[in-house]
Amino acid sequence: MSKGQAWDHGSTQEAGYQIDILVHGYPGRSVCHGTLGWSSIVLLRGHGHVALLDVGSFGVRHVLQQKLKTLGLTPEDVTDVILTHSHYDHAVNWTLFAHARIHICAAELDWSLGAPWGKTPVPELYMKELAQWPTLQRLTPGDQVLPGLLTHAAPGHTPGHLVFVLAGQSRDVIFTGDAAKNRAELLARSADMTLSAQDSASTIERIWAWWSARPGSVLVPGHDLPMVLQDGQPLYLEQRQAAVQAWMGQGLEQTTEFSLVLD
């Protein structure tokens, strides 16, 4: 990468933005307890905006606020929340930033309002409230949601899913959300947990085209580490950190830690 564009512990600069990955997504699901829902959360600061791209689920609220505090920010400093889609693990925490402009694809929001209650990952009441929220910004594919940040239709995982592409001077940064959740889906060119396998496959092909168009472009997926292409293959830019602590002993003072990464 060129000078001034190095990737340093989840942080980089591009197109007039300071970009920080506050939470790295994880490419897994629980064997016995449903999906993990550990999704990526990205902070973009520049051009007069303090924006979050996706905001995670309930379990990450404290972590998200602490990450902002580490950077000298409070939730009130956030000006924009940009949602790739309406699923709970990406969208439910919009209420932490209810004062901000909340951006979501109009078609995605409409679809979420019609989703059968209790049968999808849509947080039904949160989407119902968002639909009438005064700071709601309804997006359509092709919109420039922030300076240099363009929206692209990415159906499959959900009908109104959006991918966001930030056009830099020498490379792009591509935020795929769950249109391509992880490296495995990118390599397989197909998706798990999708409403339309055909649409997902077409969307992933378009993502590959965007990613390949400019050498050094960074892809940030919804449930994996950021990566670049090296000799046509995805190369991670970060080291994965994931573990679970459990009380398996005789008292609260004793915990057992289970690593969720490969050696």
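The values are calculated or read from the model by the stated rules, or taken from the named source; none is laboratory data. Note that the structure is predicted; figures quoted are calculated from it, not measured. Because the Cβ atoms are built from the backbone with ideal geometry, glycine has one as well, and the counts that use them run over all protein chains shown.
Assorted remarks:
- Scanning region 1-32 for residues that are surrounded by fewer than 21 Cβ atoms within 10 Å (Cβ to Cβ), modelled with pLDDT of 95 or more and among the aliphatic types (A, V, I, L, M), we see that the one that is nearest to Leu237 (Cα to Cα) is Val23.
- Subset of region 206-255 [assigned to a strand (DSSP E or B) and closer than 19 Å to Thr12 by Cα]: Val218, Leu219, Val220, Pro221, Met227, Val228, Leu229, Gln230, Pro234, Leu235, Tyr236
- Residue, farthest from Trp210 (Cα to Cα), within region 165-184, restricted to residues that are among the small types (Gly, Ala, Ser) and surrounded by fewer than 19 Cβ atoms within 10 Å (Cβ to Cβ): Ala184
- Options Pro226, Pro215; residue that is touching a residue at least 24 places away in the same chain (Cβ under 8 Å), under 25 Å from His157 (Cα atoms) and surrounded by 11 or more Cβ atoms within 10 Å (Cβ to Cβ): Pro226
- Some residue of region 9-32 being of a type in the set (Gly, Ala, Ser), assigned to a strand (DSSP E or B) and either within 17 Å of the chain's Cα centre (by Cα) or farther than 17 Å from Leu146 by Cβ (or both): yes
- Candidates are the residues of region 113-127 that are without any contact (Cβ under 8 Å) to a residue 40 or more places away in the chain and in a helix (DSSP H, G or I); the one that is farthest from the chain's Cα centre (by Cα) is Gly114.
So that you can scan it fast, the table gives a plain yes or no per residue for (1) hydrophobic (A, V, I, L, M, F, W, C); (2) within 20 Å of the chain's Cα centre (by Cα):
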position: Leu219; (1), (2): yes, yes
position: Asp224; (1), (2): no, yes
position: Met227; (1), (2): yes, yes
position: Asp231; (1), (2): no, no
position: Tyr236; (1), (2): no, yes
position: Ala246; (1), (2): yes, no
position: Gln250; (1), (2): no, no
position: Gln254; (1), (2): no, no
position: Glu257; (1), (2): no, no
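- Restricting attention to region 33-54 and to residues that are modelled with pLDDT of 95 or more and over 17 Å from the mean Cα position of the chain (by Cα), the residue that is surrounded by the fewest Cβ atoms within 10 Å (Cβ to Cβ) turns out to be Gly48.
- Single match in Leu136, Leu130, Leu162, Leu150 (criterion: surrounded by fewer than 20 Cβ atoms within 10 Å (Cβ to Cβ) and in contact (Cβ under 8 Å) with a residue 24 or more places away in the chain): Leu136
- Members of region 247-263 found to be within 21 Å of Leu225 (Cβ to Cβ) and surrounded by 10 or more Cβ atoms within 10 Å (Cβ to Cβ), listed by number: Phe258, Ser259, Leu260, Val261
- Filter result for His103 (at pLDDT 95 or above and in contact with a helix residue (DSSP H, G or I) (Cβ under 9 Å, 6 or more places away or on another chain)): no
Matching residues to (1) touching a residue at least 40 places away in the same chain (Cβ under 8 Å); (2) in a helix (DSSP H, G or I):
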| position | (1), (2) |
| --- | --- |
| Leu44 | yes, no |
| Gly72 | no, no |
| Glu76 | no, yes |
| Thr95 | no, yes |
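- Unmet requirement for Val63, which otherwise passes all of (1) closer than 24 Å to Thr140 by Cα; (2) aliphatic (A, V, I, L, M); (3) not in a loop (DSSP other than H, G, I, E, B): (1)
- Residue within region 105-118 that is buried (at least 22 other Cβ atoms within 10 Å of the Cβ) and closer than 23 Å to Ala15 by Cβ present: yes
- Index of the failed condition, Gly34 passing every other in (1) without any contact (Cβ under 8 Å) to a residue 24 or more places away in the chain; (2) under 25 Å from Val228 (Cβ atoms): (2)
- Residue match in region 158-179 (condition: within 16 Å of the chain's Cα centre (by Cα), of a type in the set (Lys, Arg), at pLDDT 95 or above and under 27 Å from Ala6 (Cβ atoms)): no
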